[in-house]
Amino acid sequence: MSGITIDDLSKLFSNPVFLSGLFAWFSAQFLKAVIEAVRFRNRRNRGLLVTLIWTTGGMPSSHSSVVSALTTAMAFVVGISSPLFILTLFFAILTVRDALGVRRSTGVQARVLNQVMADLNDKLGTNYKSVKEVNGHKAPEVLVGILLGFFLAVAFCSL
């Protein structure tokens, strides 16, 4: 086992599939941070850094952006009849479906549960710890993510 060489890293960082996915994620998170900065001008810089790197939910969907970029890049690199493209396509479909449906529903339910429990805390003096409100996506957030990933992959695969 020889390990990772400089040549391996060079090939990785010139691979259009890798670059498409990486830049789709970074671009979506960067746009999300810019949108948050405009919406909440009084936030501290630390909050923006967290948004830039880790925040889920919001405009655009980084999950949708990444899977769209990877699927599009795989179509260019290996063709649409390749098992790798088909695998990537179904992974993308499941990810987008999850972002729109399951994660969004879970977040809405968590918000309602937290509100009900906060009301009970006020009335009964109980000590309830809030559950995490997972942020799913609205359809426009997912659509913008898909388009962002698609166009970035087209750009990287056309270079």
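The values are calculated or read from the model by the stated rules, or taken from the named source; none is laboratory data. Since the model is a prediction, treat every value here as computed from it, not as a measurement. Reconstructed Cβ throughout: ideal geometry from the backbone, glycine too, with neighbour counts over all protein chains shown.
Among the residues of region 1-24, are any surrounded by 15 or more Cβ atoms within 10 Å (Cβ to Cβ), of a type in the set (S, T, N, Q), farther than 16 Å from Cys157 by Cβ and at pLDDT 90 or above? For region 1-24, residues surrounded by 15 or more Cβ atoms within 10 Å (Cβ to Cβ), of a type in the set (S, T, N, Q), farther than 16 Å from Cys157 by Cβ and at pLDDT 90 or above: absent.
For the structure I just gave you, tell me whether Val78 is free of Cβ contacts under 8 Å to residues at least 24 places away in the same chain and surrounded by fewer than 12 Cβ atoms within 10 Å (Cβ to Cβ). Let's see the steps before the verdict.
On the way: free of Cβ contacts under 8 Å to residues at least 24 places away in the same chain: yes; surrounded by fewer than 12 Cβ atoms within 10 Å (Cβ to Cβ): no.
Here the answer is no, as Val78 does not meet what is asked.
Restricting attention to region 74-128, the residues that are over 16 Å from Ile146 (Cβ atoms) and either in a loop (DSSP other than H, G, I, E, B) or of a type in the set (Asp, Glu) (or both) add up to 10. Among the residues of region 112-135, not a single one is of a type outside the set (Val, Ile, Thr), surrounded by fewer than 13 Cβ atoms within 10 Å (Cβ to Cβ), under 25 Å from Val17 (Cβ atoms) and over 19 Å from the mean Cα position of the chain (by Cα). Could you please find all residues in region 92-107 being at pLDDT 75 or above and of a type outside the set (Gly, Ala, Ser)? Matches in region 92-107: Ile93, Leu94, Thr95, Val96, Arg97, Asp98, Leu100.
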